[in-house]
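Below is one structure, written out as structure tokens, with a few remarks after it.
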Amino acid sequence: MLDFREVTFGYPEDERLMFDHLSFHVDQGEFTALIGASGGGKSTIFRLINRFLQPESGRILVDGREVSAAEQTGRKKKNRLLSGDEAYCGYMPQRDLLFPWRTVEENVMLPMQIRKERKSVCRVKAGELLGRVGLRGYEKKYPSDLSGGMRQRASFARTLAVGAKLLLLDEPFSALDAITRASMQEWLREQWNEMDKTVFFITHDVDEAIFLSQRILVLTGRPACELKEFRVPLPADRTRDMMEAAEVRELKEQLSELLRKDALQWQEN
Ligand SMILES: Nc1ncnc2c1ncn2[C@@H]1O[C@H](COP(=O)(O)OP(=O)(O)O)[C@@H](O)[C@H]1O
Ligand SMILES: [Mg+2]
């Protein structure tokens, strides 16, 4: 579904490369978590996938199609978006970024309106999506009327409205309080179980990564040349108490140790 092949990238302001011939992949239908220290380049990986940034070399493929940021600047980019170019990924950032002056429904309608779908059709589809995320009855409310968890669910509905099979979720729950966050994690697992979507989820929280995903990729080092990969020893149908199992605790210890070592190297450099 997602294929990084020997991708090299550095920010122009930065003398050191961020990624040096980095390769990894995410399989179709998989729930994969990406963890790493803050500032390590996790969000940069998403910016490369959704063409905000362009690699210096290497290839990025989504669903077998090459994704390239070439010529995607200024006016051209705008035209491409407005021309109804088929979206290959939906992106959800840490802060919900809902437009405060649009109702919840109008926010969810936005990606479909950009695709120039008929307004009445957009409204029906937005209603269905809001029902899916448990926000039926909130169509005409404004984002400021919703709690943090509800806003994230509305934002998720908008991400689904893009219609892509690949969902890029960038620390979507990190601004929520602990209890809301735990219930949102369970909610997201259910959503994923019911949908035919590939989820690539960024977090710096080891517990969150384990509870949510089937596979964890760890981003370490600068430049990063590879991602370390771990299988999560939990079944598809999982509950919180399984987090106490010996193998899970072992994995947690391993991951925490990796992140600790990486943080130490940062301090030295
Ligand atoms: N537009 C930019 N120009 C230069 N450097 C940037 C830019 N955006 C991010 N960076 C740098 O790249 C590093 C990684 O950023 P980011 O991918 O956001 O990390 P993460 O999501 O893992 O916290 C940070 O140290 C940041 O200073
Ligand atoms: Mg980030």
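The values are calculated or read from the model by the stated rules, or taken from the named source; none is laboratory data. Since the model is a prediction, treat every value here as computed from it, not as a measurement. Heads up, the Cβs are rebuilt from the backbone with ideal geometry, glycines too, and the neighbour counts pull from every protein chain shown. Accessible surface areas use protein heavy atoms only, side chains included; no ligands, DNA or RNA. Shrake-Rupley method; radii C 1.70, N 1.55, O 1.52, S 1.80 Å.
Here is how the numbers come out for the structure above:
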item	result
With all protein chains modelled, accessible area of HIS21 [1.4 Å, Å²]	90 Å²
Label-point separation, GLN113 to ASP27 (7 Å along Cα→Cβ), nm	4.1 nm
Listed residues CYS122, CYS225 arranged by accessible area, highest first, probe 1.4 Å	CYS225, CYS122
Residue-level accessible surface for ILE179, protein heavy atoms, 1.4 Å, Å²	140 Å²
Computed label-point distance, nm, for sites SER147 and ARG215 using a 7 Å Cα→Cβ extension	3.5 nm
Student exercise, the chain dipole from Lys, Arg, Asp, Glu Cβ charges, in Debye to nearest 20	1440 debye
Exposed trypsin sites (Lys or Arg not before Pro) absent: longest stretch of the chain, with sites in DSSP loops and at most 14 other Cβ within 10 Å deemed exposed	141-269
Net charge dipole size for segment 187-269 [Lys, Arg +1 and Asp, Glu -1 on Cβ; Debye, nearest 20]	200 debye
Of GLU226, GLU56, GLU171, the one that fluctuates the most in a GNM where the chain has Cα springs shorter than 10 Å	GLU56
FRET efficiency, SER256 to ARG65 (Cβ-Cβ, R0 35 Å, nearest 0.05)	0.40
Alpha carbon centroid spacing (whole Å) that separates segment 147-213 from segment 119-143	18 Å
Accessible surface, the chain, averaged per residue in Å² (probe 1.4 Å)	50 Å²
Share antiparallel - DSSP beta bridges, the chain, percent rounded to 5	45 percent
For the chain, calculated [θ]222 nm from helices alone, where every DSSP H run of n ≥ 4 adds -39500 (n - 2.57)	-12000 deg cm²/dmol
TRP101 paired with ALA182, simple spin-label distance in nm, labels 7 Å along Cα-to-beta-carbon	4.1 nm
Sites LEU264 and ASP207 - FRET efficiency at Förster radius 35 Å, r taken between beta-carbons, to 0.05	0.95
Segment SER120-LYS228, extension gain: residue separation times 0.36 nm, minus the distance between their alpha carbons	34.2 nm
Solvent-accessible surface (1.4 angstrom probe) belonging to PHE52, in square angstrom, nearest 10	120 Å²
